[in-house]
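Below you'll find the structure, written out as structure tokens, and then a few comments.
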Amino acid sequence: MTKKLFKILVDLDGVICNLDATLLKTYRLKFPSLPYIPLQDRVGQCSDLQYLEKFGPKEASAVQKILKTPGFYRTIEPNPDAIKGIKELNKRRDLKLYICTSPWHRNPTCVQDKIDWIGEHLGKSWVKKTIITPDKSLIKGDVLLDDRCDIDKLGKVDFQHVMVRCEHNEGVKNRFVLEN
Ligand SMILES: [Mg+2]
């Protein structure tokens, strides 16, 4: 009988790459006169919503403009420790690792950018291990490592969510947490 492999789904944005950090750098570069939220003060999954609440529509639309820019997702800086970690885990014969990521539908090149990013920063073999889905609840696995704090909003899921700690979910408690 073949042994069942333990499947680990790993989120991309906020886990393997630093979406918020790259977004902030780009925002300050492109909109130097607008106020910004330092990384340590980011709260919640969506930057544009926090900018809307804290500053107003002008700042929120500046954030959205960056997120919508073709090629932006190709420029996100990698998180070297996370990459090292998943490559280590991938050596284990009892584990099966996949990247599981949702595209931002309002960016026309987001899907291809993510595939190209994975090919460059993780290696071509990881492109074949990449699941791109608008809804992670459709995907089966044993564990999902994801920085999202509201995975429960997806409804019934077929994995145990382990929340990867980062700036925007710093205040979230009562979860299985993987601390950075
Ligand atoms: Mg994420």
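Observations on the model:
- Solvent-accessible area, 1.4 Å probe, carbon plus sulfur percent, for the chain: 56
- The smallest convex shape that holds all Cα atoms of the range 65-138, its convex hull, gives 97 Å³ per residue.
- Cα-centre dipole for the range 8-97 with unit charges at Cβ (Lys and Arg positive, Asp and Glu negative), debye to 20: 340
- Fully extended contour minus Cα-Cα distance, from LYS30 to SER61, at 0.36 nm per residue: 9.9 nm
- Greater than 18 Å apart at Cα, pairs in LYS96/LYS128; LYS84/LYS173; LYS25/LYS153; LYS3/LYS87; LYS4/LYS140: LYS84/LYS173; LYS25/LYS153; LYS3/LYS87
- Cα-based radius of gyration of the range 17-86 once divided by 2.2 N^0.38 Å, which approximates compact folds: 1.14
- If R0 is 41 Å, the Cβ-Cβ spacing of ILE139 and GLU179 corresponds to a FRET efficiency of close to 0.95.
- Residue-normalised accessible area of the chain, given per residue in Å² at a 1.4 Å probe: 57
- Segments 69-75, 29-35, 83-89 sorted - mean Cβ within 10 Å per residue, highest first: 69-75, 83-89, 29-35
- Volume in Å³ per residue [convex hull over Cα atoms, computed for the chain]: 124
- Mean residue ellipticity (222 nm) of the chain, computed from DSSP H runs ≥ 4 via -39,500 (n - 2.57), nearest 500: -9500 deg cm²/dmol
The values are calculated or read from the model by the stated rules, or taken from the named source; none is laboratory data. Note that the structure is predicted; figures quoted are calculated from it, not measured. Cβ: placed from backbone, ideal geometry, glycine included. Neighbour counts: every protein chain shown. Just so you know, the surface numbers come from the protein's heavy atoms only, side chains and all, with ligands and any DNA or RNA stripped out. Shrake-Rupley method; radii C 1.70, N 1.55, O 1.52, S 1.80 Å.
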